[in-house]
Amino acid sequence: EEPDHAHADSDTDTSAPPRHVPDLPVATWDGCKTDDIQATVKAILEAIDIGAPAYNQMSAKGFEECFRIYEGTALKLESASPCKGVRSAFGDGLLRAGAISSYKDKAWALRDTFDGLLNAAGKWCEQDAACRSSGKHGKQP
C-alpha cells in the first residue's frame, strides 16, 4: 500500500484518509441467527449516529470521541458476537486502527469495518426471503 501524500495521519489534517472498506462475503454471517445480524447492524448504526456528529466537529477532541465510541462498539462485538465472521472482521479492523497514530484516521479505520459489515448484511438480506420481504434489514439510512 502506497502512502497518500495528500493526507497526513494526524489530527490537525482534517482531510479524510483513503477508504479501505473490506469487501466481506455473505459467509461473514455464517452461524449467525437473524436476530444476531439485526443486533449487529443496530449496534453499528447506533455507534455511527453517536460518533459521526463528534467527528464532524473537526477537532482533535471530536476525532478522539468518535474513535472511542466506534472502538467501544468494535471491542464489544469482537468479544461478544456469536458470529465468528463478525468477531474476525472487528479483530481485523481493531488491528488496523491500532497501527494508526491519529484518532481521526483510527475512527475511519473502524468506520471502514462498520461499512464492510453493513454491506455484507445487505448482501445477506438479498439472499434471505424473510429479510427481503420485510424491506428493513441491512439497509443503511
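Could you tell me which of Leu94, Ala60, His20 has its Cα farthest along the dipole of the stretch 8-122 towards the positive end, charges placed at Cβ (Lys, Arg +1; Asp, Glu -1), taken about the Cα centre?
It is Leu94, whose Cα lies furthest towards the positive end.
Under the rule of -39500 (n - 2.57) per DSSP H run of 4 or more residues, summed and divided by the residues of the chain, what mean residue ellipticity at 222 nm is obtained, to the nearest 500 deg cm²/dmol? Before the final figure, lay out each step's value.
Details: 5 runs with 89 residues, N = 141.
Calculated from helices alone, the mean residue ellipticity at 222 nm is -21500 deg cm²/dmol.
Calculate the radius of gyration of the Cα atoms of the stretch 1-131 to one decimal place, then report Dmax, the largest Cα-Cα distance, as a whole number, both in Å.
According to the Cα coordinates of the stretch 1-131, Rg and Dmax are 14.9, 47 Å.
Treating only the Cβ of Lys, Arg, Asp and Glu as charged (+1, +1, -1, -1), what charge dipole size does the stretch 6-56 show about its Cα centre? Round to the nearest 20 debye.
Roughly 120 debye, rounded to the nearest 20.
Within the accessible area of the chain, what % is carbon and sulfur when the probe is 1.4 Å and the other protein chains stay in place?
Summing carbon and sulfur atoms, their accessible area is 52 percent of the total for the chain.
Where does helix 103-127 land angle-wise versus the long Cα axis of the chain, in degrees 0 to 90, nearest 10?
20
In Å², and per residue, what accessible area does the stretch 39-80 have when probed at 1.4 Å with the other protein chains present?
Heavy-atom accessible area per residue stands at 50 Å².
Is there a quick way to get the dipole size of the stretch 1-105? I mean about its Cα centre, with the Cβ of Lys and Arg at +1 and of Asp and Glu at -1; what is the value in debye to the nearest 20? Write out the running numbers ahead of the final one.
Values: 10 positive and 18 negative charges, 79 e Å.
The dipole of the stretch 1-105 has a size of about 380 debye.
Mind checking the angle between helix 34-55 and the chain's longest principal axis? C-alpha axes, 0 to 90 degrees, to the nearest 10.
20
Given springs between every Cα pair under 10 Å in a Gaussian network model of the chain, which of Asp128, Asp36, Asp112 has the largest fluctuation?
Answer for the Gaussian network model of the chain: Asp128.
Which whole-Hz couplings ³J(HN,Hα) result when phi for each residue of the stretch 86-95 is put into the Karplus expression 6.51 cos²θ - 1.76 cosθ + 1.60, θ = phi - 60°, listed in order with x for Gly and Pro?
Computed from phi, the couplings for the stretch 86-95 are 5, 4, 5, 4, 5, x, 4, x, 5, 5 Hz.
The values are calculated or read from the model by the stated rules, or taken from the named source; none is laboratory data. All values reported here derive from a predicted model rather than from experimental measurement. Counting neighbours? That spans all protein chains shown, and the Cβs are built from the backbone with ideal geometry, glycine included. Please note that ligands, DNA and RNA were not included when accessible areas were found on the heavy atoms of the full protein model with its side chains. Shrake-Rupley method; radii C 1.70, N 1.55, O 1.52, S 1.80 Å.
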